[in-house]
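The values are calculated or read from the model by the stated rules, or taken from the named source; none is laboratory data. The shown structure was predicted, so the numbers you read here are calculated from the model rather than taken from an experiment. Don't worry about glycine lacking a Cβ; one is built from the backbone with ideal geometry, like all the others, and counts go over all protein chains shown. We work out accessible area using only protein heavy atoms, side chains counted, and drop any ligands, DNA or RNA first. Shrake-Rupley method; radii C 1.70, N 1.55, O 1.52, S 1.80 Å.
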Amino acid sequence: MKITNNYSFHGELSVPGDKSISHRGIMFGAISNGLTEITNFLQGADCLSTISCFQKLGILIENHGSSVLVHGKGLHGLSAPSQILDVGNSGTTTRLISGILAGQSFETALDGDHSIRKRPMQRIFTPLSQMGASFQCWDQASFPARQECCDSGCAPFTVRGGHLKGIHYHSQVASAQVKSAILLAGLYAEDETSVTEPVLSRNHTELMLSGFGACITSDGATASIRPEPVLNGQNIHVPGDISSAAYFIALGLITPHSEILIQNVGVNPTRSGILDTALAMGGNLTLLNKRTVSGEPVADILVKSSHLHGAVVGGAAIPTLIDEIPVIAVMAAFAEGATVIQDAQELKVKESDRIAVVTENLKAMGASIVPTEDGMVIEGGRPLKGARIHTCQDHRIAMSFTVAGLNASGETTLDDENCAAISYPSFYEDILTLAK
Ligand code: S3P
């Protein structure tokens with residue numbers, strides 16, 4: 001696929017359902033009583049990995065396209081899988097399911113792709129082991145024969161559920177995946193479990209689990225859960241994913257003569273840092289028709305071409321926009337002056353090392369960017385030229401650099417465009433519908 005800069009972008013679109021909320025709908029539905037119906041479910045590869053893992057755990061899940069039916073079996077209804085659970089590329093599947101598996105009376109083996117095999121899992125092993133579960137990592141070359149165990153702290157690994165006790169855990173990282181794993185294990189513990197984060201991360205688990213009937217409370221950056229609730233199946237309508245909308249926000253802002261209305265986007269404040277950042281950079285952005293859907297705030301977002309300037313992005317905002325930093329870096333390259341992204345060392349342990357990969361690709365396009373230990377500094381305003389983009393099979397890199405290529409001179413190519421399907425299978429088609 002060749003990307004060039006001959007277009008402006010006009011019209012309306014609805015981005016696919018939110019990835020974080022789609023995963024949670026399947027997981028919470030599986031451990032609830034009765035039927036959960038999820039509409040506008042994201043049919044991205046990551047969420048399909050979650051469906052296949054729960055099917056292997058004995059849950060009937062009917063995938064009818066944008067609607068999915070989960071026939072829940074209650075808190076104690078999962079059965080021991082006869083196969084390894086394949087989590088694919090999905091960190092959310094790996095970490096959240098581990099919290100549920102920590103409370104089961106059987107052993108489960110998990111493995112994923114080359115990227116998952118590098119991602120740190122000790123961050124969930126430590127608290128879940130304190131609660132009473134046990135984990136064993138396996139040598140990657142000899143797996144699944146399980147001839148050699150190791151202490152890599154990465155997949156593949158086995159989890160043996162135990163009799164769990166509640167803990168009060170102070171997490172070193174603001175990570176909704178870590179928080180959610182602990183809260184899910186807390187459903188099976190003897191007594192109350194709580195997690196305190198350095199900064200509040202996305203709170204979809206707290207909102208949705210409470211809707212299913214869990215006794216869960218939040219106080220600032222601490223969430224607490226009481227064990228053994230009766231969870232009942234729900235109807236969930238998944239809002240559009242703000243992380244997917246972010247590419248169209250950036251595209252509309254940096255492409256001259258463009259105007260895009262993105263409909264039905266989840267704007268939960270623990271996710272909406274991209275909106276604050278775009279506004280702080282001088283972006284012309286308006287939120288319309290604000291409403292609440294399935295307990296989550298939703299709005300339509302109107303974006304118009306803007307003359308952007310640099311900004312400082314850091315501190316408590318980082319967890320609210322962590323997945324959007326690659327596309328914010330692209331926006332920064334088109335903005336006047338310096339943009340400083342700091343406190344974002346978590347970027348190094350995402351689907352790729354996003355500090356290194358964003359730096360490499362923006363440099364290849366002629367941008368001025370310096371990587372730092374916890375982010376990057378971009379001196380914007382230099383015209384970008386097309387380049388061959390090294391995606392590292394990271395969906396967010398592929399989509400961010402498509403946006404850059406659509407505003408660069410010459411031709412941009414991606415070494416793997418298909419990885420966008422991890423979170424946004426119709427990304428390129430949706431761009432074409434708006435291109436004029
Ligand atoms: C997610 C949490 C974030 C985010 C990921 C989805 C979730 O990861 O980057 O794409 O659904 O809980 P961390 O919890 O590792 O920050």
Name the single residue that is nearest to the chain's Cα centre (by Cα) among those in the stretch 210-261 being at positive phi and in contact (Cβ under 8 Å) with a residue 24 or more places away in the chain. Gly213
Within the set of pairs 6+ apart or on separate chains, which have a first residue in the stretch 359-382 that is acidic (Asp, Glu), a second that is modelled with pLDDT of 95 or more, and C-beta atoms under 7 Å apart? Glu360/His390; Glu373/Gln345; Asp374/Gln342; Asp374/Asp343; Asp374/Ala344; Asp374/Gln345; Glu379/Ala338; Glu379/Ser368
Residue list for the stretch 407-436, filter: hydrophobic (A, V, I, L, M, F, W, C) and under 24 Å from His257 (Cβ atoms): Ala408, Phe427, Ile431, Leu432, Leu434, Ala435
Scan the stretch 162-185 and give yes if some residue there is over 29 Å from Glu228 (Cα atoms) and buried (at least 19 other Cβ atoms within 10 Å of the Cβ), otherwise no. no
If you check Ser218, Ser244, Ser194, Ser175, which single one turns out to be small (Gly, Ala, Ser) and touching a strand residue (DSSP E or B) at 6+ places or on another chain (Cβ under 6 Å)? Ser194
Could you tell me whether any residue of the stretch 408-429 is modelled with pLDDT under 95 and under 18 Å from Ile328 (Cβ atoms)? no
Answer with yes or no whether Ala332 is within 25 Å of Glu351 (Cβ to Cβ) and open to solvent by less than 20 Å² (accessible area, probe 1.4 Å). yes
Exactly one condition in (1) over 17 Å from Tyr188 (Cβ atoms); (2) buried (at least 22 other Cβ atoms within 10 Å of the Cβ); (3) over 24 Å from the mean Cα position of the chain (by Cα) is not met by Phe157; state its number. (3)
